[in-house]
Amino acid sequence: MPQVQLPLFPVGTTGINAELAFERRDNHVVYFNGHLPVFTHRTDDLASFRFFTTQLIVNGTATQGQIVRAFGVPITTVKRCCRQYRERGAVAFFKPPARREGHRLTPDRLAEAQRWLDQGQGVRQISAQLNVLSSTLHKALQDGRLLRVKKKTPAPLRR
């Protein structure tokens, strides 16, 4: 007859449920199934944390409530991660979110704004003419989509 193995965890671990525990070691979090380490990630690696805890839930090894209680994360975050994993798989945690394209500064409007900047008009004037917020134009200037014309300073008079 097989012997029943008691869930024994290393000293200093925090239990997730009867089979799982975790421990923070230096800059890493180590997950245990009994005495066996099953996964490790850096403490600042949020994507790996979300991936592994979501896998525990989806595979039936832990419940959403157990993850919430063990780590103190919001239940809405746990549910969102589970939905992302079911819809897109593991890549959902490691792929950077798609950057949205603005709809106010179209290529035509950018060209028009650049012409007005080249003529020496200010951001406030251009924003009023294009009917866009001045902060939108400032962002375009900061990320290089628009270039500010440097004003020429008059040469000093020589005597």
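Restricting the search to segment 90-149, which residues are in contact with a Leu (Cβ under 9 Å, 6 or more places away or on another chain) and either assigned to a loop (DSSP other than H, G, I, E, B) or of a type in the set (S, T, N, Q) (or both)?
Scanning segment 90-149 gives R104, L105, Q114, S127, V132, T136, R145, L146, L147, R148, V149.
Could you check segment 36-86 and list, in sequence order, the residues that are free of Cβ contacts under 8 Å to residues at least 24 places away in the same chain and among the small types (G, A, S)?
G60, G65, G72
So that you can scan it fast, the table gives a plain yes or no per residue for (1) open to solvent by 60 Å² or more (accessible area, probe 1.4 Å); (2) within 14 Å of F51 (Cα to Cα):
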| residue | (1), (2) |
| --- | --- |
| C82 | no, yes |
| D108 | yes, no |
| A128 | yes, no |
| S135 | no, no |
| H138 | yes, no |
| G144 | no, no |
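Mind listing just one residue for me: the one in segment 19-39 that is open to solvent by 60 Å² or more (accessible area, probe 1.4 Å) and of a type in the set (A, V, I, L, M) and, of those, modelled with the highest pLDDT?
Of everything passing the filter in segment 19-39, V38 is modelled with the highest pLDDT.
Which of the residues spanning segment 58-80 are within 21 Å of T40 (Cβ to Cβ) and either outside any helix (DSSP H, G or I) or open to solvent by 20 Å² or more (accessible area, probe 1.4 Å) (or both)?
V58, N59, T61, A62, Q66, A70, F71, G72, V73
Inspect all residues belonging to segment 123-142 and state whether any of them is under 30 Å from T13 (Cα atoms) and modelled with pLDDT of 90 or more.
no
The values are calculated or read from the model by the stated rules, or taken from the named source; none is laboratory data. Since we're looking at a predicted model, the values are computed, not measured. Every residue, glycine among them, receives a Cβ derived from its backbone with ideal geometry; neighbour counts consider all protein chains shown. For the accessible areas, the whole protein counts, side chains as well, though only heavy atoms, and no ligand, DNA or RNA atoms are used. Shrake-Rupley method; radii C 1.70, N 1.55, O 1.52, S 1.80 Å.
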